[in-house]
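The values are calculated or read from the model by the stated rules, or taken from the named source; none is laboratory data. Since this is a predicted model, take the numbers as computed values, not measurements. All Cβ positions, even for glycine, are placed from backbone atoms using ideal geometry, and neighbour counts span all protein chains on display. Areas reflect the complete protein model, heavy atoms only, side chains present, ligands, DNA and RNA absent. Shrake-Rupley method; radii C 1.70, N 1.55, O 1.52, S 1.80 Å.
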Amino acid sequence: MTAPSGNAAPPAGQGGAAPRGATAVAPLDPKEQRRRTWRSRRHRWDVRWSPYAFVAPFFVFFAAFGLFPLLYTGWASLHRVELTDPTQMEWVGMRNFSRLWDDEFFWNALQNTFTIGLISTVPQLLMALGLAHLLNYKLRGSMFFRVAVLTPYATSVAAATLVFVLLFGRDYGMINWALGSIGIDRIDWQNSTWTSQFAVSTIVIWRWTGYNALIYLAAMQAVPHDLYESAALDGASRWQQFLHVTIPSLRPTILFTVVVSTIGATQLFGEPLLFNGSAGATGGGDHQFQTLGLYLYEQGWVNLHLGRASAIAWTMFLILLLIAAANWLLGRRLRKSQ
């Protein structure tokens, strides 16, 4: 047995040369080590906090222009405060709310809001449903028609209302001219209760029908075609398919549009304000088309009673909460029935 030679290389790791192919790693400079540590820490912070930084502007603006006005309005509704001196507040508790109970102008505005909302929302949604059903079929220039029905929504409230004021003019309006050509006397659209409310409702219908039609169209295109094919094989006509396939599939969307339209009707302001410019916020000589939005504006910015206007605003907010609660209950019942 041969003894190991004294010139044999020592094993790696015991002071000998590194194995062939291995790369010697030089120790990092302390300054470079600190830089790498800082970069790693900054990367972890970026991954963790960047999403919050991206959504922070929304919450900042919401707090400044949404949450703070809401809370301040609620605080002002419990005080007697005038717009001429908004820093001088006198505590009155719930008096501003209790006065609304006996205020005939408030109840008149609430009734007008309900009436205008009803005669504008129901025809609007029915027409939107019919338009969406027509647009759902393959038509030539379908994109043109979709843009066309959305054009009224893109029109400003002021421009649309001024055009309708000309149409509903008593002496030179085109509608009275058309009625006179078939033997019907001229109608004073602005100074009668029902005619003025009908005229204001037509503005709302014209502006929002196309918007709701596109919402219904998007929902219709999501209905599986297998349902229509099965109905056609069973001998169902297009009208029967619309009633028994399309409408049940659109129930959540219809509920959504009803709630949104109701909320919009509760906040109706621009159309009645501009419909009779000389009347201002009174909504006509007899307040015949004054809505809650107009009454709030009259109390706060005409009569300068900021506390009472705040109480009206919070009353409208509570009404909207009731509408939202009704929407939640109906949606829950619809989900259970499916």
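Points worth noting:
- Any pair with Cβ under 9 angstrom, 6 or more apart, that starts in the range 50-79 at a residue that is closer than 15 Å to residue 314 by Cβ and ends at one that is among the aliphatic types (A, V, I, L, M) and open to solvent by 100 Å² or more (accessible area, probe 1.4 Å): 77/94; 78/94
- Set side by side, the residues 75, 101, 49 differ, and just one is farther than 15 Å from residue 305 by Cα, aromatic (Phe, Trp, Tyr), surrounded by 11 or more Cβ atoms within 10 Å (Cβ to Cβ) and under 34 Å from the mean Cα position of the chain (by Cα), which is 49.
- As a summary of the residue check, residue 84 satisfies the conditions (1) open to solvent by less than 100 Å² (accessible area, probe 1.4 Å); (2) touching a Leu at 6+ places or on another chain (Cβ under 9 Å); (3) within 18 Å of residue 301 (Cβ to Cβ) except for the one numbered (1).
- Residues located in the range 61-116, provided they are of a type in the set (Gly, Ala, Ser), touching a helix residue (DSSP H, G or I) at 6+ places or on another chain (Cβ under 8 Å), over 24 Å from residue 271 (Cα atoms) and part of a helix (DSSP H, G or I): 74, 76
- Pair list, Cβ under 8 Å, 6 or more apart: the range 92-114 residue among the β-branched types (Val, Ile, Thr), other residue part of a loop (DSSP other than H, G, I, E, B) and open to solvent by less than 100 Å² (accessible area, probe 1.4 Å): 92/78; 113/268; 113/291
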